[in-house]
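See below for the structure under consideration.
The values are calculated or read from the model by the stated rules, or taken from the named source; none is laboratory data. For clarity, every value in this text was computed on a predicted model and none was experimentally measured. We place every Cβ from the backbone using ideal geometry, glycine too, and count neighbours over all the protein chains shown. Accessible surface is based on the protein model in full, side chains and every heavy atom, while ligands, DNA and RNA are left aside. Shrake-Rupley method; radii C 1.70, N 1.55, O 1.52, S 1.80 Å.
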Amino acid sequence: MAAPREAPERRPFGRRFLTDPARLFQHNAWDNVEWSEEQEASARSKVQENSSQLLPQDKQEEYEVNAKRYWDDFYKIHENGFFKDRHWLFTEFPELAPNRNPSQNGDSVHEFSNKEESNNEGLGSCENGHCSLETRAENQLNLIKSTPKICTEELATQNYSERNRSDGDYPGSSASYRILEVGCGAGNTVFPILQTNNDPGLFVYCCDFSTTAVDLVQNNAEYDSSRCFAFVHDLCNDQSPFPMPDVSLDVVILIFVLSAILPEKMQSIVNRLSRLLKPGGMILLRDYGRYDLAQLRFKKGQCLSDNFYVRGDGTRVYFFTQDELDDLFTTAGLEKIQNLVDRRLQVNRGKQMTMYRVWIQCKYRKPAAPRL
């Protein structure tokens, strides 16, 4: 029997579940870690250093113009190793399954940290800005390839226009509870919702900038067109239509999505998503916080503008403060329910690595319609 590990100074957030018993206690994480003034000053200094040399404007325009191609390439590379078990969503965001028994699946907020965010292997990828939560998986996506579906934005636009000519006739129009995940990727969030939320009135929409990503969702064995509608959508294009009308959604999910968008376009996107919500509907967000490990590991020459960087694969990422997100959502007319920073210490004892992660989690609600 392995010797018991020494008690840490802080209670670990959770242990990473490993099949190798010899490595069982090599990965630990602590939540709500307070940073010293010295640590914050060091992080600020690293950001000033890696931001001191901005990419030329013509290069920045190239990354914006070719953003779709970079994300398509990303999903082509990672299609079979991208999906993560995100049943933790229902602890963090119970709005995704309002009638769910809290004991269902045995998940807890502690296990949420463990399953996804404590993946310390392959963290060399953080040098390009991709870190564990949004890109590295421990559970592979099992794809069953069927006849490829046509999901170009042009065809989708045509279909939406035809559907919306008939009043109230659109995908999910008969549903009583509608959820939209923006930036669905390979189905990281959609499939746990479909598996866990058994509400017969549920309908889930999911969209992504990448045609490749939407193909992955549609070709997954768990995809159920009677309960879900996946479509290609460019958030930055105000003329790109949604399949559902305004004031029709109960929840909009943004998981590591807003950070991938050009900062000057964020407000118009949040405004547009806000219009989709019913009174009382909510936007749920989890994204990168300022001075996260991924930001500190960028090198000179990868910075596009303040706290906005390009990764080695051409995809981009922004690192938020709480106030910035609060301004975006309140300007869109939403009320703050939650806006918190999750500062977490991750330790890989085997590799003798100590990593500080910073994420922000938000819930903002559309005010209820005033009574007449």
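Rolling a 1.4 angstrom probe over the protein heavy atoms with all chains in place gives the stretch 217-321 an accessible area of 30 Å² per residue.
Across all directions, the average projected area of the convex hull around the alpha carbons of the stretch 185-274 is 6.0 nm². Computed with every protein chain present, the accessible area of Y309 is close to 0 Å² [probe 1.4 Å]. Residue order by solvent-accessible surface for S225, S259 is S225, S259, largest first, with ligands and nucleic acids left out and a 1.4 Å probe. When the square roots of the Cα gyration tensor eigenvalues are ordered a ≥ b ≥ c, the ratio a/c for the stretch 205-332 is 1.5 or more and a/b does not exceed b/c, which makes its shape oblate. Its residues counted as N, the stretch 268-372 yields a C-alpha radius of gyration over 2.2 N^0.38 Å of 1.33.
The accessible-area ordering, largest first, of the residues K265, K366, K300 stands as K300, K265, K366, per a 1.4 angstrom probe. The share of Cα pairs per 5 Å bin across the stretch 223-263, counted from zero up to the longest distance, runs 5, 15, 20, 32, 19, 8, 1, 0 percent. In this view, the solvent-accessible surface of S36, computed with a 1.4 Å probe and all protein chains in place, comes to about 60 Å². Here the label points at K46 and D327, each 7 Å from Cα along the C-beta direction, are separated by 2.5 nm in the simple model.
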